[in-house]
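Heads up: the structure comes next, in structure tokens.
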Amino acid sequence: MPLFFLIAVLAGTLMPLQSRANGGLGHALGDPMAAAAVSFGSGLLILAVAALAVPSMRRGVQSIVPAVRSRRIPWFYLLAGLVGAYTVFSQSTAVPMTGIALFTVAIVGGQTVSGLLVDHWGLGPAGRSRITAARVLGVVLMLIAVVLSMTGKGAGGPGAAVWLLLPLSTGFLMGFQQAANGHSARAYGSPMAATFMNFLAGFAALALVWLAMHLGQGFPALHGQWWMFLGGACGCVYIGVNTWLLKHLGVLATSMGMITGQLLGSLLLDLFAPLPGAHVGATAVVGLLLTFAAMAVMNIRRKKR
């Protein structure tokens, strides 16, 4: 269990790195939707090459259609990648306005609430875990942390609050995406096959939306620093490890480990490699610490008699 939790933390640190890369690319291209499409397209290309090279993943990809036809999974689980597309779009759009730390705390708030509901309703592959007082208290503390972090943002105010709606809604949808991916990985026999389907659906959605918005216009010339094009690779590892861990830790524990990594990574980025004009205020630090307290409270279990 400690090893799996450590893996979750390490994988979680990739989320703020992905946010920074996609946000930087969106700013460089002047088109967040194009940046999101590039990120998902590069991730899909990586996974396609991996499917050709790795037999177990190739068999998993080949089992996607039979799994849906035999109704081992509902067809709409194939659309879980739309949540990933929305995540990348929100990164490309909101990160330049909010900074990594605030963006990540907002995602944590939404993800915690959805994780609580997913476990309570038994939507994840690990089954049902009822809502307890400790978990409710943890959610309340998490939401307070989001508010504190918002007030600690130097460029805060009503504008910052509006931008926070993107990562908050993204985090809320991620819990349901995790549940769908967990069931899909079990049906395909490969977590990476589920990851491939995520990127395929997400890239298709982003490409269609971009074409509809820019009909008749050419795709913007790709330019920017090399690290701005690493968002797709970060997403491949993040979603793949997340999906693999669900059968070992369940939705809530996996989310907590990932969230811990997100918070650590985002705080370090905003401290040592901040975006222009971004800084970590005192209340933002308090909000992050309160988020750690919320995670501890949510994992309290009553001792058996």
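The values are calculated or read from the model by the stated rules, or taken from the named source; none is laboratory data. Just so we're clear, the structure is a prediction, and the values are computed from it rather than from any experiment. Ideal geometry is used to build each Cβ from the backbone, glycine not excepted, and the neighbour counts take in all protein chains shown. With ligands, DNA and RNA removed, areas are computed over all heavy atoms of the protein, side chains included. Shrake-Rupley method; radii C 1.70, N 1.55, O 1.52, S 1.80 Å.
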Among Val38, Val113, Val209, the residue with the largest mean-square fluctuation in a Gaussian network model of the chain built from Cα contacts under 10 Å is Val209
The answer for the chain, accessible area per residue at 1.4 Å probe in Å², is 45
Probe 1.4 Å, all chains present, heavy atoms only: Leu82 accessible area in Å², nearest 10, is 70
Taking a ≥ b ≥ c as the square roots of the eigenvalues of the Cα gyration tensor, with a/c under 1.5 meaning rounded and otherwise prolate when a/b exceeds b/c and oblate if not, segment 1-107 is prolate
Net charge (Lys, Arg +1; Asp, Glu -1) of residues whose beta-carbon lies under 14 Å from that of Phe196, Phe196 excluded, is +2
The answer for the chain, counting only DSSP H helices whose Cα atoms cover 30 angstrom or more along the axis and whose Kyte-Doolittle average is 0.0 or greater, is 32-53, 100-121, 158-188, 191-213, 231-272
Measuring from its Cα centre, the chain shows a charge dipole (+1 at each Lys and Arg Cβ, -1 at each Asp and Glu Cβ) which, in debye to the nearest 20, is 1400
By the mean-Cβ-within-10 Å protection proxy, highest first, 179-189, 43-53, 6-16, 86-96 rank as 86-96, 179-189, 6-16, 43-53
Note: segment 185-295, point scatterers on Cα, Debye, no solvent; log10 I/I(0) at q = 0.11, 0.17, 0.20, 0.21 Å⁻¹ equals -0.58, -1.08, -1.14, -1.16
Shape call for the chain, from the Cα gyration tensor axes a ≥ b ≥ c (a/c under 1.5 means rounded, otherwise prolate when a/b beats b/c, else oblate), comes out oblate
On the accessible surface of the chain, probed at 1.4 Å with all protein chains in place, carbon and sulfur together account for a percent value of 72
